[in-house]
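The structure under discussion appears below in the form of structure tokens.
Bear in mind that the values in this text are calculations on the coordinates, not laboratory data. Nothing here was measured: the structure is a model prediction, and the numbers come from that model.
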Amino acid sequence: MIVVRNREVQDRWLLELQLWVVSQGITSWLIDLCPYEECRVAGIVDRLVIDPTMSLIRAFVNDGTGSVVADWAIRRPTPELALCPGRAVVLEGIAGVEINGLVLHEPSFETVSFPEVA
């Protein structure tokens, strides 16, 4: 019984996430993101990695259909640190191709509120 309830809650949350993403004026779902084209995407930050050896901040963003990595060079001030896991974000930039998939290099970003799902 509990597994079914958790699955229903998860499905409802994914639906709410996808509806919210569309309301943010996206140009593409993350699953349909094309390389080398200007894009506006939105999603929830899954993970934030700070790599001082490569001097990079990487945010892994998911919109319920797929995921993308956004990276920025570490510099001061560092507004990208606001992208903690669970935070909703809208990214604008050009997707490049790397070995592990598409990456948005130095995209502009905006943290936004995502409505809670009951």
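List the extent of the Cα atoms of the range 54-93 along each of their three principal axes, largest first, rounded to whole Å.
33, 18, 17
Taking H as built 1.01 Å from N, whose amide H comes closer than 5 Å to the amide H of residue 66, not counting residues under 5 places away?
Under 5 Å from the amide H of residue 66: 30, 31.
Expressed as an acute angle from 0 to 90° and rounded to the nearest 10, what is the orientation of the C-alpha long axis of helix 2-23 relative to the principal long axis of the chain?
Roughly 50 degrees, rounded to the nearest 10.
Suppose we keep just the alpha-carbon trace of the range 39-106; what are its Rg and Dmax in angstrom?
11.3, 33
Please compute the Cα-Cα pair-distance distribution of the chain with 5 Å bins starting at 0, giving whole percents from short to long.
Spelled out per bin, shortest first, that is 2, 12, 22, 23, 18, 11, 7, 4, 1, 0, 0.
Once phi is turned into θ = phi - 60°, what whole-Hz ³J(HN,Hα) does the Karplus curve with 6.51, -1.76 and 1.60 give for every residue of the range 30-35, x standing for Gly and Pro?
Coupling constants for the range 30-35: 5, 5, 9, 4, 9, x Hz.
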